[in-house]
Structure formats: structure tokens, C-alpha cells
Amino acid sequence: MWSLLLAAALSAPAAAQEVRWTFAGALQTDVRYGIDKIDVGEWYAPLSQEPGFIRNQNLINTKIGAKTDGARFFWDADFVLMGFPDTLDSTTALSRREKIDPFRFEVHNAYAEAWDLGGLRGLDMRVGQQKIQWGVGDQFNPTNNLNADDLEDPLLFGDQLGNVMARLDYTPIPSLSFSAVVVPVFKPALLPQTGRIALGLTDRIPVDDAELRRELYASNALLESFALSWPTVVSGVSPQLPDSSFENMQWSGRIAGTLGMHDLALSYYKGRFDFPVATNNHTTAAPGEQCNPDDEEDCIKGLLQTIASVGYPEMQVWGFNAAGEVNPLGWALRRAKPIGYRLEVARIDPERQTMSVTNDELALGITTQPAGEYDYQLEGGGRPEVLPTDAFLKWTAGLDYTFGKHVYVNAQWVHGMPDEFGAGDWASGGGGATQRQAELLTYDDPLVCNVLNLTTDPRGQGEQCVKEWTRPKIGDYGVIGADLTFRQTTLRVFTILDFTPVTVSTYDADAGERVSTKFAWNTDTGRSMVIYPELKHAFPSGFSLSGGAVVMIGEPWTKFGDPATGGTQIFTRARYAF
Amino acid sequence: MNATLRPLRALLLGLSLLPGLAWAGSGDAVLAKVDEALNRAKDTSSRMSAETVIPGQAPLKMEFTLETKGPKRMVEFQAPGDMKGTRVLVLDRRQMYVYLPAYNKVRRVASHVQSQGFMGTMFADADMSTTRFGEAWQADLKAETDAAWTLALTPKPGEETAYARLEIEVAKSNSLPSTIRYYDAKGTHLKTEVRSEYFCQGDVCQPGHFKMTDHTRKDAYTILIQKMDKLNAGLPDDRFSQRALQQGR
């Protein structure tokens, strides 16, 4: 329908108007090397990444525009040669070019737009594949939710996936605009390839209820123990995307304008969180005795294979944006220039989501677990929450300044990364926490934590037998970067410092209770950061060379020490833009 | 993560300044004539090409279109390739925006970026942003011939200027600057700007050729060539808006 409207708007005038074509594009080669050796999972389900080349990519970007006085068609896409052979699982694959030399397309934009629709000056419509980039924050935009996040390439942090949508803007005066957008089909976020490593982190149980979470971990750990030797592995993930129905359509509205010297905007979005949230773990038993090739005493009787179902909870987002400049020192220092500021705040109301834990009949030898659902024993019954309805904030506040001719500095405080969701943060001290790591406690008395105790009092086993590392669901980060530019050469250095504390909770047998210790960002336990240096030289012809590194620092339970980030990498890039 | 710091900074900023490059004076009366002549055009549309030559380095070339209306500017780069499609909107010296095609995004840019000068050229922000000399400078008539006045400019009391002194040669034929020399507080001759090849439409004249030489950098220079497409074409106000910046029309 939108296309018809647009076509009607365009057809008459377009026939008589001159079409102006524009072409642009780029050729780009990216080579990256992963430095860290990453090992996750036990010998029976290892997930690892050896040091080596992790990206060997050639890309051609094309941008083509066709413009008349009242309309424009625009195409912006990448053709990417992946540089690594695909999985070669048959002789046939060896004779298939797309397996040996795989490629892909990324269509960022492919839309038509018309201006001053129906003769109403300022009324514009755009229909088609597009990216709508709202929000004044630099790369951290909690109010910008229409497109799904694209985290496939960590060097393009902040990028998003194009999606088909219809956008209507009305700008009655240059300093005031009203916008409305509908997105018929939901797309989930594109996750980094190293995200697969998270499947090996079976100790991260997403349940909010701490007691139940520890109990579930204890159950898994004790089933894995020598007595039963049935370890749990995540054998797959089953994303449950919403139906492409009218009810599931995302939409958003925004009012933006300039007041004095400040740009302000209010926005509303109704749609979904684009990162997966657990909805069900279903476990089946896969008998099969096997022993560790490196230790014949270390054997298992089979695997408990879990399929993790994930969904994308609905949410509403009320957004506020402000940007401009202030000169706090202007009254004292005449040469002081104004400092640029930006503030982006999102209040998010999520849909409640619970998780179920189910299993087929599990014949484990000395005991058999009948098919069914886990007995959560929660107060009030029901299934455990992984996401309550409590509203929460995500926001970005930033300043930037230029020192002399050569130095530009940008600093931001980020409350909530794109993948973080749900109430619970450091400042409020309340809300939920996410489990980052857990381990089974050991005691001198081997009967304190064992399978027999688990079967008689499972909840107590969780409290007494599990040590866990948690952090608030919403983290706080300081992002500071600087560009040092000397003619055509730029040295960029920025760092992301995680200020979110890590809490370690364990059982104090002497005191007979659990105790928690909070580790701040400047401790060995809590330290977590990214350091990103890049040196780039732009030649006058449009050709540029750059090289640098993404250094990830932190323990495995921290944000940036997480094995799923893929660890530290170094990169080179050559690019010719035309 | 490209913390958007990117090359914007540099480009963005100097732009505020481009169009109505102008100065002059003969005593204050001549300077007033210069200001009036510099600001006669209601709006302009032109194509600009720039070449910066620094001894021992490859020349840096740029091409862009420039539209002006009063203090407002809209700039779109055509070359080099890594800047192609980048657009800059300057509403005034404290309200600037850039559209980055790589991010499909309009970003507000604070005025401090002007400190970086204009895109690696020999033009500084202050060289290009002054459309009325008389606002910050006072002039003495230093010399006069049949063809030209030579003005010596010093800052008005209380005014903060990027240079301690200017010397401007003003052609009597059009009351516009032909040469501007820039000095620091020690009297060092820093830069020389030559404006030539003026073309006129009615009583509105614009230079077709600018050359800025920086004597502190081994006489490195930038040549800016302006080809006027339209003069006083009646550009609408909404041509200088974030909407137009996003749409690129």
C-alpha cells in the first residue's frame, strides 16, 4: 500500500523531470588476527578459538542514487567475499565455488522517497529497506530501536541491520519535525561469530531468582560429578521469532526540534528487544560412555543435551534526546570554546518473560528423572522470571572538545550496553543481576554437597554448594577517546572502562550463611576494559591504510573478559573510496 | 567502534566559513564599503575545488559544492572519495551539523571543532568565517593609489581575534579585497591570501580564485577555485535545514 502511495506521488512529476544519478562506493580489505587462545567447555563439548586469522574479508560497497526534484531512489549495499572456505562436509562441497569461496550481500539501504507529498511542503515519505539512525549519542543509542543491532563485526560497533519500513516525516518549519515509522517484520540482532562460545558457558543460568538459579546450577554440577557422570551441554539454540502479523508490527513516533541553541527530541517506540532472552531449556539424555583422551579415569556415561529456546520480549521505549554546546568556562576564560554535549535517555518498559525447564525422561543409571517440568518451588508457584516488568533506564551522556589543531577528545558515560536488558543497576542497587560464572564448592566432608543431598533437599544444596559471580543487569561504562590528527594521519585511541561491580557470593560454612563480596572496577576481580588504538593514514586519492588492535581485558566473568567476545585481536584495513 | 570522532571534525568545522569570504577597509569608511560589497549577494550556489601543496608531500585535492544564504552554508563533498557524500550544514557559528553517509546519520557538531582549521588546507576557520570585518576590526588607511586602498586593521578594543594585525589591499573598482596579509603580535608575517579573477553579476562580485600561502610552513599554499552556478537564485530557507541535510537535495 505504501509503495502504491509513493508511486502515485512520484509518477506524474517524475516523468517530466530530469533524473540525476549519483555513484559512490569503496573497495575494502580487512585482515584480522586473534591473539588469544580461548577454551570453553569440557573435553566432551569443547568450544575453542585458537590464535590465528579470524577475518580475511574483501568488500565492495556501492551507493547508487537517482534523484529528481521531488523524489529519490537510493541503493547502498556491500558485496562481501568472506575469505575463508565454508564448512566442507562432503566431496561435493569441494567442487562448489560458493563453498570454497563464499560470499554474501549486505543491503543497507534500498528505498524510494518522495518529498513535499501531495503538494504539502515538508511532508516526506520513505519506503523500503533502510536504516533510521535516531539518537544523539555516539554509537550508544538506547532510543534508537527501529533497526536491529549488527554486532557481527566488533569494529563496526553501533552499526545496525537494514530493514523494510515506511517512514513519514512532516517538517512544517526547518526547526521542527514530526516523524512516524512502521516496521512490518521484526529482525533479531546479528551476533558476533564468537557468540557461539557462549554455548559452552553452561554455568550462566538466566533465572532471576538467586536461590533457584543456584539450585539449578548445583543440580547440573552434581549430575556431572563422579557419582552420576552425566554432564549437561547446550546442544543448540532455538530462536522463536514473532509472527509477522499486524499485531507484531513495530512502530515509532518522534518530535524533534531546536529550542534556543539546543536540539531536543521526544520519541516513543513499541516493538521488541532484539537480543535473545531465554524462554525454555529442554533436556534429553544421550547415552554413550566416553573418556577423556588425556585422562582415562575421567569418563562420562552420556550427555544431557539441552536445547535453549530464546525469544524477543516486547518493550516500549520512551526516549529523550538533547544535544548542543555549553561554555562553562566562558565567563572566566575568554579563549575557552564551548564544549559539545549530548544526552540520550530511554525509559524502557519490558514485557514480563518467564522461563521453563523441561526434560524428556532421563534414565541416568542409579536414578531416573521422569519426563516433565522442573519443580521450581517458587513462592506463589509459576515459572521463574528471567525478565520482570519493572521499568528501567538506559542512557548516554557525552562531552567532546577540540584542543588546538590536532587533538579531539570525546567522553561518554554509558548506562546500559545494547545487549543489556532488565531492571537492576549499580546506582539503584536494586533489581536483578546476571550470573556470569558459577562453580561447585568443595568441602572436607564429601557428603556436604553430593547427589544424595540434592535429591532430598535440592534448594539447600544450591545455597551451600555454589559459588557464583554476578553483576547488575545494566552496567555502567566510561568511554573516552581521542583523535590525534596530523595532516592526513590520525592516531585514534579510545577505551571503554567498565565501572560495574562484580559480586562474588559463596557459602560461609562457619557462619552457616551465604556471604557476598562486591568487587569494584579497580580490583583484579572487577577490572574490565577495552583499549582500542588505531593508526590511519589517508592518501589524497581516497586510498587509506589503517591498523590497530582491540584489546580485551578482564576475567572471564566480566563484560570484556568474557570468552564470547573473542578476545584480543589486531587488524589491518586497506580502503579505496570513490 | 568508530566513536564518531572521525574525519568529521576536521571537515565540518571550517566550513562554516567558506562562502562569503571577504574583508577590507580604508579607514573605517573604506572598511564599511568592503563589508557592504562582500555581503551583497542574498544567496549563492557554487562549485569549489581546492588544492593544497605542502613542500615534499603529495598535493591534497578536494571538490565540493557550496550554497550560502546569509550566514548559512550547505556543503557537500564530491572528492576525495572517502569524503564523498558527506554534507555539512552551518546555520551559524554555534550550530553546525554533519551528515555522514557511512552512518546514515545527522550529527550535531560543536563549534570547538573549528580549531582544527579547514580540512588540512592553509585556511583557518577565522580566515574563512569573517563576513564583516568591521564587527571586530578597526581600520587605518595606510596607502592609496589610483587603483587601490591599503588598510591596516587592528582589533577593536575588547575583541578577541585570531591575528594581531591584518593588511588588506582593496580594489577601488569593486571595493573588494585583492590581498590580505596576516600578522601575529610580534609582527611576523604569517600568511598571505590573494583573491583574484572576480566575476560579477549585476553589482554582486565574487572571487573565482583564492590562494592562501602560509609563510610559517615553507610557503605551503592552498588554491581554492570557485565556479559560481547561481547567484541570488532565491534559495528557500528550508534548503538550510536538517531535513535537507539528511535528504541531500
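The values are calculated or read from the model by the stated rules, or taken from the named source; none is laboratory data. Since this is a predicted model, take the numbers as computed values, not measurements. Cβ coordinates were reconstructed from backbone atoms using ideal geometry, including for glycine residues, and neighbour counts include every protein chain displayed. Protein only, heavy atoms only, side chains kept; ligands, DNA and RNA dropped before computing areas. Shrake-Rupley method; radii C 1.70, N 1.55, O 1.52, S 1.80 Å.
Among the listed residues A:F53, A:F74, which satisfies the condition of being modelled with pLDDT of 90 or more and loosely packed, with under 15 Cβ neighbours inside 10 Å?
Exactly one residue qualifies, and that residue is A:F53.
I need a count of the residues in the stretch A:523-558 that are of a type in the set (D, E, K, R) and either within 14 Å of another protein chain (Cβ to nearest Cβ) or in a strand (DSSP E or B) (or both).
So the count comes out to 2.
Counting only residues that are modelled with pLDDT of 90 or more and at positive phi, how many does the stretch B:155-194 have?
Qualifying residue count for the region: 2.
May I ask you to list pairs of residues, at least six apart or on different chains, whose Cβ atoms are under 9 Å apart, with the first in the stretch A:504-518 being within 15 Å of A:D445 (Cα to Cα) and the second being β-branched (V, I, T) and modelled with pLDDT under 90?
Here the result reads A:A509/A:V448, each pair linking the stretch A:504-518 to a residue that is β-branched (V, I, T) and modelled with pLDDT under 90.
In the stretch A:313-338, how many residues are open to solvent by less than 20 Å² (accessible area, probe 1.4 Å), touching a residue at least 60 places away in the same chain (Cβ under 8 Å) and touching a helix residue (DSSP H, G or I) at 6+ places or on another chain (Cβ under 9 Å)?
So the count comes out to 1.
Say whether the condition of being open to solvent by 60 Å² or more (accessible area, probe 1.4 Å), more than 30 Å from A:G340 (Cα to Cα) and either part of a loop (DSSP other than H, G, I, E, B) or touching a Cys at 6+ places or on another chain (Cβ under 9 Å) (or both) is met by at least one residue in the stretch A:296-312.
Yes - at least one qualifying residue is present in the stretch A:296-312.
Just one of the numbered conditions (1) open to solvent by 80 Å² or more (accessible area, probe 1.4 Å); (2) under 30 Å from B:Q114 (Cβ atoms); (3) not β-branched (V, I, T) is not true of A:G380; which one?
The failed condition is (2).
List every residue pair whose Cβ atoms sit under 8 Å apart, with the two residues 6 or more apart in sequence or on different chains, where the first one lies in the stretch A:397-413 and is more than 7 Å from chain B (Cβ to nearest Cβ) and the second, anywhere, is open to solvent by 30 Å² or more (accessible area, probe 1.4 Å) and among the β-branched types (V, I, T).
Close Cβ pairs satisfying both conditions: A:L399/A:I339; A:F403/A:V409; A:V409/A:I480; A:A411/A:I480; A:Q412/A:I480.
Tell me the strands (runs of 3 or more DSSP E) entirely within the stretch A:184-278 that contain at least 1 residues that are of a type in the set (V, I, T).
Output list reads A:232-239, A:250-259.
Based on this model, can you work out whether A:A574 counts as in contact with a Pro (Cβ under 7 Å, 6 or more places away or on another chain), within 14 Å of chain B (Cβ to nearest Cβ) and not in a loop (DSSP other than H, G, I, E, B)?
In short, no.
Just the residues that are crowded, with 20+ Cβ neighbours inside 10 Å and within 19 Å of A:A285 (Cβ to Cβ), please, taken from the stretch A:199-216.
Within the stretch A:199-216, A:T202, A:L216 meet the criteria.
Quick one: in the stretch B:229-245, which of the residues that are open to solvent by 40 Å² or more (accessible area, probe 1.4 Å) and touching a residue at least 12 places away in the same chain (Cβ under 8 Å) is farthest from the other protein chains (Cβ to nearest Cβ)?
B:N232
Conditions first: (1) of a type in the set (S, T, N, Q); (2) touching a Phe, Trp or Tyr at 6+ places or on another chain (Cβ under 8 Å); (3) closer than 19 Å to A:L151 by Cβ. A:T565 passes all but one, so which condition is the exception?
Only one criterion in (1) of a type in the set (S, T, N, Q); (2) touching a Phe, Trp or Tyr at 6+ places or on another chain (Cβ under 8 Å); (3) closer than 19 Å to A:L151 by Cβ is unmet by A:T565, namely (2).
Which of the numbered conditions does B:F64 fail, given that it passes all the others? Conditions: (1) under 18 Å from B:F123 (Cα atoms); (2) over 15 Å from the mean Cα position of the chain (by Cα); (3) not β-branched (V, I, T).
Going through (1) under 18 Å from B:F123 (Cα atoms); (2) over 15 Å from the mean Cα position of the chain (by Cα); (3) not β-branched (V, I, T) one by one, B:F64 breaks only (2).
Please list, ordered by residue number, the strands (runs of 3 or more DSSP E) wholly in the stretch B:46-118 having 3 or more residues that are facing chain A (nearest Cβ under 9 Å) and within 29 Å of A:A77 (Cβ to Cβ).
Qualifying strands (runs of 3 or more DSSP E): B:105-109.
Take A:A520 and tell me if it is more than 9 Å from every other protein chain (Cβ to nearest Cβ), surrounded by fewer than 17 Cβ atoms within 10 Å (Cβ to Cβ), over 30 Å from A:T29 (Cα atoms) and of a type in the set (A, V, I, L, M, F, W, C).
yes
Looking only at the stretch A:250-278, how many residues end up being open to solvent by less than 40 Å² (accessible area, probe 1.4 Å) and touching a strand residue (DSSP E or B) at 6+ places or on another chain (Cβ under 7 Å)?
15
For the stretch A:522-542, name all the residues that are at pLDDT 95 or above and farther than 20 Å from A:D483 by Cβ.
A:N522, A:T523, A:D524, A:T525, A:G526, A:R527, A:S528
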